[in-house]
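Engineer: This is the structure I have questions about; it appears just below.
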Amino acid sequence: MLANPSSLHTRPYSPHSSHFSLSNNRCKLSLSPNCPRLFSSTNSSKFRSLSLLLSRRKCARTFTVKALSTEPEPVDAAPTFSEPVSILVETGYMGRQASGSVTVTDGETIVYTSVCLADVPSEPSDFFPLYVNYQERFSAAGRTSGGFFKREGRTKDHEVLVCRLIDRPLRPTMLKGFYHETQILSWVLSYDGLHSPDALAITTAGIAVALSEVPHSKTIAGVRVGLVGEKFVVNPTTKEMEDSELDLLLAGSDNAILMIEGYCNFLSEEKLLQADAVLAICHAVEALVKKCGKPKMLDSVKLPPPELYKHVEEIAGEELVQVLQIRNKIPRRKALSSLEEKVLTILTEKGYIVFKEVTSKFLRRRIVEGGKRSDGRYADGIRPINSTCGLLPRAHGSALFTRGETQCVVVRGDNCQHARLCVLSHESGHFSLAVVTLGDKQMAQRIDNLVDDDDVKRFYLQYSFPPSCVGEVGRIGAPSRREIGHGTLAERALEPILPSDDDFPYTVRVESTITESNGSSSMASVCGGCLALQDAGVPLKCSIAGIAMGLVLDTEEFGGDGTPLILSDITGSEDASGDMDFKVAGNEDGITAFQMDIKVGGITLPVMRKALQQAKDGRRHILAEMLKCSPPPSNRLSTYAPLIHIMKVHPEKINLIIGSGGKKVKGIIEETGVEAIDTEDDGTVKITARDLSSLEKCKAIISNLTMVPTVGDIYRNCEIKSIAPYGVFVEIAPGREGLCHISELSSNWLAKAEEVVKVGDRVDVKLIEVNDKGQLRLSRKALLPETDDGAAEEKIEQPKDKVGTPKFESSPRSNSPEGTLLPQKKVKVFKRVASPAKEGPYINKERTKKSSSKAVSSISSKDRGSLVDGEATIG
């Protein structure tokens with residue numbers, strides 16, 4: 001049974017008190033016993049433990065690890081980070097039939113990983129058959145899925161991204177010539193809400209592989225690094241990450257970096273290089289492997305004989321040199337395929353793997369010896385760049401970004417329910433068609449996973465890579481892991497430049513479809529997406545660009561001086577034959593996203609420093625070319641985009657807008673024709689409409705509905721909705737009625753209200769009282785002008801005739817016994833006044849009052865009384 005973290009305690013560090021032990025094939029590894037997050041078993045006699053001290057001091061760049069056994073081992077120079085880190089590693093009691101299995105605990109977050117491999121090897125291939133699956137069980141956090149199906153099913157996008165994080169650093173460590181299918185399964189069994197399981201899953205998988213029979217070159221581990229208050233924090237909690245300027249996931253061995261991926265808010269290259277917190281716990285894990293690990297299947301490694309490589313070079317060497325000089329991708333690919341068939345005909349299937357490696361070798365030699373790449377560029381050369389915007393007249397915005405043969409066209413919207421944006425990218429055989437949709441809150445993407453409980457995203461980018469973009473035939477279905485990963489990278493690169501929800505209350509969806517590819521399609525999508533968003537009228541904070549960097553590590557093998565050669569803006573063949581794929585996005589001031597995959601044993605900090613500087617120069621060049629866009633982005637919202645208006649009302653008035661069961665808000669939507677009305681508990685109301693007229697009408701209705709009436713307010717041209725024996729009910733605003741008592745209808749005594757008014761008449765009233773229940777008492781009499789003889793003059797607005805001329809009627813006869821007619825009264829007509837945009841509805845008041853909301857515009861309406869000569873008070 002896995003040790004319960006709540007039942008474990010911290011022990012003081014003593015190099016002679018801890019022992020590495022093995023009991024019932026169960027091993028236990030405790031990292032940093034001095035840390036409060038270290039959990040050691042209370043029954044120390046049952047296990048001999050291997051304890052590692054992983055210190056983080058203030059300015060160091062590496063970790064020191066102390067393995068504690070009966071004989072203390074020397075400690076390397078300590079790094080400088082903020083505080084100790086601790087994890088608990090246990091193996092030998094779960095998944096004992098697997099080749100390797102392990103559980104790793106951080107706080108109360110527990111990840112379990114198993115490694116299994118096939119008994120029979122697969123056919124030789126240039127791609128190692130490694131399969132990774134990662135799953136976050138909702139039960140780990142005491143939850144169930146919010147969807148219809150309560151059982152975990154299809155892998156979520158977030159889980160796919162973690163699978164890639166596990167796969168990318170492990171794959172370069174697998175030995176060539178080992179073809180047994182290998183499967184890594186990882187589950188989150190417990191999640192405490194503080195310690196994220198993704199970085200922990202990388203370490204867990206690395207330890208499980210090290211304990212298994214799978215032959216590999218290095219033990220790997222992974223950490224997350226944050227930057228909080230100018231101090232690097234390793235494996236920060238979720239609360240610490242809320243204040244972090246950096247989200248860096250880093251994986252490597254004891255002496256090299258194998259994978260980095262991260263996102264930051266324009267962090268400088270210099271500061272990023274200080275975060276090289278590659279864990280040195282691999283040394284201690286290797287000590288654990290010596291006691292608990294299984295023998296490696298080294299006899300299963302089958303490499304082609306060295307003479308076969310020489311034979312392939314003799315057969316295809318001269319022709320291969322000529323083929324690799326072909327600049328265009330498709331002709332070069334066809335020539336290579338033809339040459340490969342020739343080699344295979346001579347050597348049968350044995351030459352397949354060798355031909356691929358020889359091709360890579362010749363390509364690398366051409367770059368190092370000749371100084372030029374297949375398309376004629378030097379190492380730091382950037383392919384030609386052109387861009388244009390406004391290509392599609394009916395689209396909400398469009399942009400064409402071209403880099404070499406790769407283009408990125410961005411289009412936004414057509415005359416549909418939501419504004420849409422399309423992007424079409426092309427880069428040296430690279431064509432990315434992206435569609436961006438602008439919508440309201442209902443279009444936001446809901447996230448249902450273990451870490452983010454009912455979270456929503458107002459900006460998301462979805463990327464697809466069909467087989468036709470590389471001229472191949474394949475199946476179309478659910479997005480692949482590559483598509484999800486590249487889409488997330490482009491999304492996170494663009495996210496820091498987007499305006500806040502208060503400044504731009506739209507949900508933005510970007511769809512990027514690659515129609516032709518020869519290089520980094522994700523970085524082309526970043527460039528094209530930036531131009532497209534500008535053309536769509538999204539007020540971006542700045543422009544950003546992306547670039548992919550490559551590497552030839554061992555140049556001495558090909559006649560160089562041994563200095564690693566960094567390649568800018570790599571093509572597809574350079575990615576396949578090179579040693580690194582390093583994608584960096586940002587502007588001249590800093591980086592917003594980065595992702596690095598290494599295909600060799602790892603790279604050093606000087607190489608990373610040079611690659612980052614060369615990438616910065618490349619981004620600067622691309623941004624300068626993007627400024628030459630002709631025609632330039634429109635930088636204004638399309639006429640086909642939805643209109644969104646935000647207004648504030650008193651939180652207590654929200655229920656008046658919603659109504660019973662949503663009846664009121666549905667009625668407003670139906671009456672005005674707006675798309676949606678979103679309300680929040682803090683009094684925020686968002687109105688989404690297709691045209692300005694319906695938006696203005698909805699704004700006026702809501703402002704009148706939520707106003708706070710004040711004694712003394714005067715309401716003009718208000719409709720009488722019903723008559724009772726004791727008075728009439730007058731609608732002063734949509735949904736807001738008050739009682740005008742029969743004694744307040746006229747200066748004369750009335751037996752019935754019908755003697756003066758009828759349902760449907762429009763009158764002017766004054767608010768004279770608001771009782772404790774919020775009920776309104778109105779007076780018509782208070783507004784009737786006095787005549788010369790002291791009698792009040794009554795005025796009732798009557799319906800107009802067809803040509804708009806007011807009709808006049810005599811006032812009702814008096815109840816005098818003589819039956820004489822009273823003097824005929826003059827009837828004044830009060831026209832409804834439409835206030836200009838960005839002004840509040842008019843209400844005449846005896847004293848000036850300020851509106852407590854944002855300015856709300858109103859329009860004239862046949863069915864709504866206008867409020868004139870005043871200003872509404874909005875709650």
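Engineer: Which whole-Hz couplings ³J(HN,Hα) result when phi for each residue of segment 655-662 is put into the Karplus expression 6.51 cos²θ - 1.76 cosθ + 1.60, θ = phi - 60°, listed in order with x for Gly and Pro?
Structural biologist: In residue order, the calculated couplings are 5, 5, 6, 6, x, 5, x, x Hz.
Engineer: Share of Cα-Cα pairs in segment 667-740 beyond 17 Å, in percent?
Structural biologist: Working: 1463 of 2701 pairs.
Here the long-distance tail beyond 17 Å is 54 percent of all Cα pairs in segment 667-740.
Engineer: Ordered by residue, what ³J(HN,Hα) values in Hz, to whole numbers, does segment 614-622 give under the Karplus form 6.51 cos²θ - 1.76 cosθ + 1.60, where θ = phi - 60° and Gly and Pro are x?
Structural biologist: Computed from phi, the couplings for segment 614-622 are 5, 5, 5, 4, x, 5, 4, 5, 5 Hz.
Engineer: Semi-axes of the equivalent ellipsoid for segment 643-706, please: Cα gyration tensor eigenvalues, times 5, square-rooted, ordered largest first, whole Å. Can you show the working numbers first?
Structural biologist: Values: eigenvalues 58, 32, 18 Å².
They are 17, 13, 10 Å, listed largest first.
Engineer: Then there's this: For VAL321, what accessible surface area do you get with a 1.4 Å probe? Give it in Å², rounded to 10.
Structural biologist: So the heavy atoms of VAL321 present about 60 Å² to solvent.
Engineer: May I pose another question? How would HIS621, HIS180 line up by accessible area, probe 1.4 Å, largest first?
Structural biologist: Working: HIS621 75, HIS180 10 Å².
Final ranking, largest accessible area leading: HIS621, HIS180.
Engineer: Excluding ligands and nucleic acids, what accessible area in Å² is computed for TYR191 using a 1.4 Å probe, to the nearest 10?
Structural biologist: The accessible area of TYR191 comes to roughly 30 Å².
Engineer: Give the value in nm², to one decimal: projected area of the alpha carbon convex hull of segment 480-579, averaged over all directions. List each step's numbers first, then the result.
Structural biologist: On the way: hull surface 32.3 nm².
Approximately 8.1 nm², given one-decimal rounding.
Engineer: In Å and on Cα atoms, what radius of gyration and Dmax does segment 198-332 show?
Structural biologist: 21.6, 61
Engineer: If TYR131, TYR263 are ordered by their accessible area, calculated over protein heavy atoms with a 1.4 Å probe, which sequence runs from highest to lowest? Numbers along the way, then the final one.
Structural biologist: Numbers: TYR131 115, TYR263 25 Å².
Per-residue accessible area, sorted high to low, gives TYR131, TYR263.
Engineer: Another one. Relative contact order for segment 99-218: what percent, with Cα pairs under 8 Å and sequence separation of 6 or more? Show your work: numbers first, answer last.
Structural biologist: Details: 213 pairs, mean separation 56.3, N = 120.
Contact order relative to length: 47 percent.
Engineer: Still on this structure, please answer the following. Ratio of Rg to Rh for segment 713-783, alpha carbon only, Kirkwood? Let's see the in-between values first.
Structural biologist: Working: Rg = 10.9 Å, Rh = 11.8 Å.
With Rg and the Kirkwood Rh in hand, the quotient comes to 0.92.
Engineer: Related question: In 5 Å bins starting at zero, report the fraction of Cα pairs in segment 296-378 per bin as a rounded %.
Structural biologist: 3, 14, 24, 21, 16, 10, 6, 3, 2, 0
The values are calculated or read from the model by the stated rules, or taken from the named source; none is laboratory data. This is a predicted model, so every value here is computed, not measured. Each accessible area value is taken on the protein alone, full model and side chains, heavy atoms only, with ligands, DNA and RNA left out. Shrake-Rupley method; radii C 1.70, N 1.55, O 1.52, S 1.80 Å.
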